[in-house]
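Engineer: Quick one: this structure, given as structure tokens, is what I'll be asking you about.
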Amino acid sequence: MADEVVLLDTWFSMFGMRVRIALAEKGIKYEYKEEDLLNKSPLLLQMNPIYKCIPVLIHNGKPICESLIIVKYIDEVWKDKAPLLLPFDPYQRAQARFWADFIDQKVYDVGRTIWTSKGDEQEAAKKDFIEILKKLEEALGNNAYFGGDAFGFVDVALIPFYSWFYTYETFGNFKIERECPKLIAWAKRCIKRESVSKSLPDEKKVYESALVYKKIFGLD
Amino acid sequence: MADEVVLLSSWFSPFGMRVQIALAEKGINYEFKEEDLRNKSPLLLQTNPIHKKVPVLIHNGKIICESLIAVEYIDEVWSDKSPLLPSDPYQRAYARFWADFIDAKMYQPGRKTWTTKGDEQEASKKEFLECFKLFEKQLGDKPYFNGDNFGFLDVAFIPLHCWFQVIETFGEFKLEEEFPKYFDWVKRCLQRESVSNTLPDQKKIYALACLRRKQFGLD
């Protein structure tokens, strides 16, 4: 019996992009359902009653929530389909989980502060953001990807934020490449993968939607 | 060659207790190094430079930080004994989701219920109880949160029990009245040596909390 895979998502969500990339890497066909976060569908509220947010993967009717949990799930269910996103070795897996968790704890909130705030708060956020990216650069080292030679879990966790860099840089008036050239080189390497280039939205469209959001919520 | 396992933790850390329980379930011998969190050791700062927190598991020189990551690591390395995560991917996702819920939603409001006063305390208490209710519902008629067998989700949650008396006392409510199933589950977990040998005396935790409250200027 064929798998029925549905993804509830929003086009500009970094968390949704992670799932899109993982599904694409495994070559899994799925139905994409765009959610309006200001008018959430009954399906979303039913499938994720705890957090009421996207992404939600619905596999043969069963919901899985939280983007990194979903990516791990995809990797485990379709473990026979290359590539394996999480490494085979338990220690390497623990390292991958650690850095993905670090990304979740740090990158989103600080990035969001950059484009939604002004003045001192924004300056502090920019400084924090660069420090966070520098730590990630250290973790990357001289490898092509965070996992080493192969694109994997941590790369999936981080690369979606690249589609938001233009937004952060424009509102924050700074250039990430100047401070973190290695990381930008890594991002450009990832973008060459079809799973990534097809999952990430146009960075200028992201910026335009951020502009609209700021107007609606009186943040400018 | 014998494994060398070291755990940097603090006797009262529920996150450290998770790792202790997991190691005990697997029958792994290890060295426990008590950390003074107000005066962190060079070893802690060196092994966890990113977060500078306990617990840190050091296995044959390899460093694993973050309690739930350490528990999964232990489960994978010593996979031949007492499996903690289910084998089914959907059940694994379920266990990970609810373990994450404890850390993301329940822990901070619980902590703020005993470390704050007034409106902030009231709001935290309300949030904590809402989260606790949602989580407790997941037990249903199962003997354990993980299912028929003690596992990952139970390991993730049971250490917080030793702090709940503190939260109840300073939050002025009683969990047992509303959540008898939860207390049955606690009793069931405490019958396991790995849990009863790990969880500290609730009176000691309470004494520590009173000391901390004085230091925060709350009492």
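Engineer: Taking the stated definitions as given, is A:L133 hydrophobic (A, V, I, L, M, F, W, C), within 14 Å of chain B (Cβ to nearest Cβ) and out of contact with any Gly (no Cβ under 7 Å at 6 or more places or on another chain)? Write out each step before concluding.
Structural biologist: Working: hydrophobic (A, V, I, L, M, F, W, C): yes; within 14 Å of chain B (Cβ to nearest Cβ): yes; out of contact with any Gly (no Cβ under 7 Å at 6 or more places or on another chain): yes.
Taking the combined requirement at face value, the residue satisfies it.
Engineer: Next up: Consider B:F32 carefully, then state whether it is without any contact (Cβ under 8 Å) to a residue 40 or more places away in the chain, under 19 Å from B:S196 (Cβ atoms) and out of contact with any Asp or Glu (no Cβ under 6 Å at 6 or more places or on another chain). Break it down into steps so the answer makes sense when it comes.
Structural biologist: Numbers: without any contact (Cβ under 8 Å) to a residue 40 or more places away in the chain: yes; under 19 Å from B:S196 (Cβ atoms): yes; out of contact with any Asp or Glu (no Cβ under 6 Å at 6 or more places or on another chain): yes.
Criteria met by B:F32.
Engineer: Tell me which residues, restricted to region A:185-201, are free of Cβ contacts under 8 Å to residues at least 24 places away in the same chain and not hydroxyl-bearing (S, T, Y).
Structural biologist: Initial filter on region A:185-201 (free of Cβ contacts under 8 Å to residues at least 24 places away in the same chain): A:185, A:188, A:192, A:197.
Result: A:A185, A:K188, A:K192.
Engineer: While we're looking at this one, here's another question. Considering (1) more than 10 Å from chain B (Cβ to nearest Cβ); (2) buried (at least 23 other Cβ atoms within 10 Å of the Cβ); (3) touching a strand residue (DSSP E or B) at 6+ places or on another chain (Cβ under 9 Å), say which one A:Y73 fails and leave the rest.
Structural biologist: The one condition A:Y73 does not meet is (1).
Engineer: Checking the condition under 14 Å from the mean Cα position of the chain (by Cα), surrounded by fewer than 17 Cβ atoms within 10 Å (Cβ to Cβ) and not hydrophobic (A, V, I, L, M, F, W, C), which residue from A:S209, A:S163, A:S197 passes? Let's see the steps before the verdict.
Structural biologist: Details: A:S209 fails: under 14 Å from the mean Cα position of the chain (by Cα); A:S163 fails: surrounded by fewer than 17 Cβ atoms within 10 Å (Cβ to Cβ).
Only one candidate qualifies: A:S197.
Engineer: Next up: Need the failing condition index for A:W186 against (1) under 17 Å from A:L200 (Cβ atoms); (2) at pLDDT below 95; (3) not aliphatic (A, V, I, L, M), just the number.
Structural biologist: All conditions are met except number (2).
Engineer: Quick check on B:D119: is it over 28 Å from B:P180 (Cα atoms) and surrounded by fewer than 21 Cβ atoms within 10 Å (Cβ to Cβ)? Break it down into steps so the answer makes sense when it comes.
Structural biologist: Details: over 28 Å from B:P180 (Cα atoms): yes; surrounded by fewer than 21 Cβ atoms within 10 Å (Cβ to Cβ): yes.
Judged against the criteria, B:D119 is a match.
Engineer: Now, a different point. Just one of (1) at the interface with chain A (Cβ under 9 Å from one of its Cβ atoms); (2) in contact with an Asp or Glu (Cβ under 9 Å, 6 or more places away or on another chain) trips up B:I58, so point out which.
Structural biologist: So B:I58 meets the others, but not (1).
Engineer: Has region A:95-113 got any residue that is farther than 18 Å from A:I159 by Cα and either among the small types (G, A, S) or touching a Ser or Thr at 6+ places or on another chain (Cβ under 9 Å) (or both)? First the steps, then the outcome.
Structural biologist: To start, the set of residues in region A:95-113 that are farther than 18 Å from A:I159 by Cα comprises A:113.
Filter once more, so that each one left must be either among the small types (G, A, S) or touching a Ser or Thr at 6+ places or on another chain (Cβ under 9 Å) (or both): none.
No, because not a single residue in region A:95-113 is farther than 18 Å from A:I159 by Cα and either among the small types (G, A, S) or touching a Ser or Thr at 6+ places or on another chain (Cβ under 9 Å) (or both).
Engineer: Now for a different question. Regarding region A:83-97, can at least one residue be identified that is within 9 Å of chain B (Cβ to nearest Cβ), in contact (Cβ under 8 Å) with a residue 24 or more places away in the chain and closer than 21 Å to A:R20 by Cβ?
Structural biologist: Yes, region A:83-97 has at least one match.
Engineer: How many residues are touching a Ser or Thr at 6+ places or on another chain (Cβ under 8 Å) and more than 15 Å from B:L160 (Cα to Cα) if we restrict to region B:185-215?
Structural biologist: Residues flagged as touching a Ser or Thr at 6+ places or on another chain (Cβ under 8 Å) and more than 15 Å from B:L160 (Cα to Cα) within region B:185-215 amount to 2.
Engineer: Quick one: B:A93 ticks every box in (1) surrounded by fewer than 20 Cβ atoms within 10 Å (Cβ to Cβ); (2) without any contact (Cβ under 8 Å) to a residue 60 or more places away in the chain bar one, so which box is it?
Structural biologist: B:A93 satisfies every listed condition except (1).
Engineer: Further, regarding this structure: Out of the residues in region A:59-109 meeting the condition of being of a type in the set (G, A, S) and more than 20 Å from B:S67 (Cα to Cα), tell me which one is modelled with the lowest pLDDT.
Structural biologist: Step one: filter region A:59-109 for residues of a type in the set (G, A, S), giving A:61, A:67, A:82, A:94, A:96, A:100.
Going one step further and asking which of them are more than 20 Å from B:S67 (Cα to Cα), we end up with A:61, A:82.
Values: A:G61: 97, A:A82: 87.
The residue in question is A:A82.
Engineer: Sticking with this structure for a sec: For the list (1) outside any strand (DSSP E or B); (2) in contact with a helix residue (DSSP H, G or I) (Cβ under 9 Å, 6 or more places away or on another chain), I need the number of the one condition that B:L45 fails.
Structural biologist: (2) is the only condition that B:L45 fails.
Engineer: Report, by residue number, each residue of region A:143-184 that is in contact (Cβ under 8 Å) with a residue 60 or more places away in the chain and in a helix (DSSP H, G or I).
Structural biologist: A:F153, A:V156, A:A157, A:I159, A:P160, A:F161, A:S163, A:W164
Engineer: Just wondering, is there one or more residues in region A:46-69 that are surrounded by fewer than 21 Cβ atoms within 10 Å (Cβ to Cβ) and more than 14 Å from chain B (Cβ to nearest Cβ)?
Structural biologist: Taking every residue of region A:46-69 in turn, at least one turns out to be surrounded by fewer than 21 Cβ atoms within 10 Å (Cβ to Cβ) and more than 14 Å from chain B (Cβ to nearest Cβ).
Engineer: Here is a list: A:K118, A:K175, A:K192, A:K135. Which entry is at pLDDT below 95 and of a type in the set (D, E, K, R)?
Structural biologist: On the way: A:K175 fails: at pLDDT below 95; A:K192 fails: at pLDDT below 95; A:K135 fails: at pLDDT below 95.
After applying the criteria, what remains is A:K118.
The values are calculated or read from the model by the stated rules, or taken from the named source; none is laboratory data. Since the model is a prediction, treat every value here as computed from it, not as a measurement. Every residue, glycine among them, receives a Cβ derived from its backbone with ideal geometry; neighbour counts consider all protein chains shown.
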